[in-house]
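Scroll down for the structure; my scribbles are underneath it.
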Amino acid sequence: MSNSKVRVRFAPSPTGGLHLGGVRTALFNYLFAKQQGGTFVLRVEDTDQTRFVEGAEQYILDCLAWCGITPDEGPHTGGQYAPYRQSERKAIYREYAEKLVAHGHAYYAFDTPEELDAKRKEVPNFQYGHFHRSELRNSISLTTGQVEHLLDAGVPHVIRLKVPEDESVRFNDMIRGDVVFETNQVDDKVLLKADGMPTYHLAVVVDDYLMKITHAFRGEEWLPSAPVHILLWKYLGWAADMPQWAHLPLILKPDGHGKLSKRDGAKFGFPVYAMDWKDQVTGETTPGFREMGFLPEAFINFLGMLGWNPGTDQEIFSLTELVEKFSIERINKSGAKFDFEKAKWYNAEWIKKLSAESLKLKVKAVLEDKGVAIADDELLLKVIETVKDRCTLLTDFYQQSVYFFETPKEYDLNAVKPKWTDTKTDFFGTLITRYAELPNWEATQLEIDFKYLCEETGFKIGDVMLPFRIMLVGGKFGPHVFDIVALLGKEETIIRIEKALVAFTA
Ligand code: GLU
């Protein structure tokens, strides 16, 4: 356990897949906690039963595990402040809501949904607040006797925050500096619902207090909720313990117009979720970065750079380096445009940077997923080393390396047949004989012999090199031809030339 008092929380609601903005929030919380030697808490905010989605909590945990940002405390890890799932803390919240009522900062409201609807129709842009609360059925407009009667009769009611009139709520945001809200713009938020469940607003404040949270990094979309939370911290008598706020800049669509939404993924053709998310009800799968072939190292790296900059030209950061370099002062106030091409660039850089050994299991999974059996791990390592600089996504390893494990099933015949001649057939026939006699099978020697045969036969290297490549890999791609030949070995190379000659001359 850490000695530092710094405690941060990532507090997702299990309502579906995890948007990359959510992972970035988790990441920034994590970076700050680790830098300060503090504790990173995962709290599952599942009080809104209507939005609860089966499997979403496990999915969130899996995403965090994939990214390597494991919580120190949380529903699965446990901890001193358990339970970490708000639905399991239901009994805790009422006491605080009642305390607010007792001190005149909250009140009971008995309005039925129909009454509220009628009011909304009557008043344009209706807000349940000081302008209208006296016109509704609540413990401010009703007499004490009436209220007691309704409570005794068990009439369903909620508890609402009594937002004061004509006040300014100020706080210092670590990213935005001084932020001011006018209370006249804030409505009397429901704190406790008729079923006894707290709303997000009450639960977030009570839990941040009870879990001794010191710093709260969350998305800018929560900024409008901040005045409600700050009033609650004050009215509950906890102002001195309030966490320091940091509202992270929005992640914007690639064109910079508006927040990147879940639907933008399908629109622009890139993932917005960390991992594939399968909706249990519709059966629909929303694609994720992981399945598309992103490395967690790259995913974390580009998320870290979305809205934060190191103040230098360095772009490639491991999680450990991000922990070291992270600084709140370098978080931008303005939104960060999401650039998928840049995300892919990070991935390609990370594929280059990681060793073949550390890519091995992931590449093996990509190949095996496509039905390619890998019997020889040593060969796989050499193949990865040979092709990794040509791969942007992990899934590219399939096309870039399948031919090392399987003889090509098809050839790009259009690229060879129109220019094929009998002398080329003879050339490859002789090449087979030469190669068959070679005592050592090594790329440089293989290339020397090939070029020597070109000179002897009067072929331009280009005229026979492309067909040779196509014989080995099936198409016009792949690394240096003689690196491929070296890895394939003598027997397989000869088999491939012979087999291709049949196809080329048919
Ligand atoms: N439960 C909120 C969410 O889903 C948490 C917001 C906060 O961090 O206060 O993002």
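Listed values, structure above:
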{"item": "J(HN,Hα) series, the stretch 293-298, from Karplus relation 6.51 cos²θ - 1.76 cosθ + 1.60, nearest Hz, glycine and proline x", "result": "x, 8, 7, x, 4, 6"}
{"item": "Total formal charge among the other residues, if their Cβ is under 14 angstrom from that of Lys360, Lys/Arg +1 and Asp/Glu -1", "result": "-2"}
{"item": "Whole-Å semi-axes of the chain's equivalent ellipsoid (Cα gyration tensor)", "result": "64, 22, 19"}
{"item": "Whole-angstrom Cα spans of the stretch 176-223 along principal axes, big to small", "result": "38, 30, 16"}
{"item": "Nearest 10 degrees, 0 to 90: helix 377-387 Cα axis against the chain principal axis", "result": "90 degrees"}
{"item": "In Hz, Karplus ³J(HN,Hα) per residue of the stretch 98-107 (6.51, -1.76, 1.60; θ = phi - 60°; x = Gly, Pro)", "result": "5, 4, 5, 5, 4, 8, x, 9, 8, 8"}
{"item": "Whether the stretch 419-490 is rounded, prolate or oblate, judged on the alpha carbon gyration tensor where a/c under 1.5 counts as rounded", "result": "oblate"}
{"item": "Distance between the stretch 24-42 and the stretch 341-411 - C-alpha centres, whole angstrom", "result": "33 Å"}
{"item": "For peptides 90-102, 139-151, 222-234, sequence by mean Cβ density within 10 Å, most packed first", "result": "222-234, 90-102, 139-151"}
{"item": "Exposure proxy ranking, count of Cβ atoms within 10 Å, fewest first, for Asp111, Asp46", "result": "Asp111, Asp46"}
{"item": "Distant-in-sequence amide H partners of Gln244 (H built 1.01 Å from N, under 5 Å)", "result": "His215, Ala216"}
{"item": "Nearest 10 degrees, 0 to 90: helix 443-457 Cα axis against the chain principal axis", "result": "50 degrees"}
{"item": "Unit charges on C-beta of K, R, D, E only; dipole of the chain, Debye", "result": "560 debye"}
{"item": "Least to most buried among Ile497, Ile448 (fewest other Cβ within 10 Å first)", "result": "Ile448, Ile497"}
{"item": "J(HN,Hα) series, the stretch 34-49, from Karplus relation 6.51 cos²θ - 1.76 cosθ + 1.60, nearest Hz, glycine and proline x", "result": "5, 4, 8, x, x, 10, 10, 9, 9, 10, 8, 9, 10, 7, 8, 4"}
{"item": "Local electrostatic count, Pro408, Cβ distance below 11 Å [Lys/Arg +1, Asp/Glu -1]", "result": "+1"}
{"item": "For the stretch 362-474, convex hull volume per residue from C-alpha positions, Å³", "result": "130 Å³"}
{"item": "Given charges at beta-carbon only (K, R positive; D, E negative), |dipole| of the stretch 232-281 in Debye", "result": "160 debye"}
{"item": "Debye, to nearest 20: dipole size of the stretch 162-312, +1 on Lys, Arg Cβ, -1 on Asp, Glu Cβ", "result": "280 debye"}
{"item": "Ranking of Ile484, Ile316 by count of other Cβ atoms within 10 Å, fewest first", "result": "Ile316, Ile484"}
{"item": "Degrees between helix 422-437 axis and first principal axis of the chain (Cα, 0 to 90, nearest 10)", "result": "90 degrees"}
{"item": "Cα gyration tensor category, rounded, prolate or oblate, for the stretch 328-399 with a/c compared to 1.5", "result": "prolate"}
{"item": "Counting DSSP beta bridges with both ends in the chain, the antiparallel % (nearest 5)", "result": "55 percent"}
{"item": "Built amide H within the under 5 Å cut-off of Gly335, gap 5+", "result": "Leu250"}
{"item": "Cα gyration tensor category, rounded, prolate or oblate, for the stretch 88-172 with a/c compared to 1.5", "result": "oblate"}
{"item": "Sequence-distant residues sharing a close amide H with Leu191 (under 5 Å, placed H)", "result": "Ile159, Arg160, Leu161"}
{"item": "Neighbourhood net charge (13 Å Cβ-Cβ; Lys/Arg +1, Asp/Glu -1) for Gly177", "result": "0"}
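Rule-based calculations on the coordinates, nothing more; no lab input. All values reported here derive from a predicted model rather than from experimental measurement. Every residue, glycine as well, gets a Cβ built from its backbone with ideal geometry; the counts of neighbours run over all protein chains shown.
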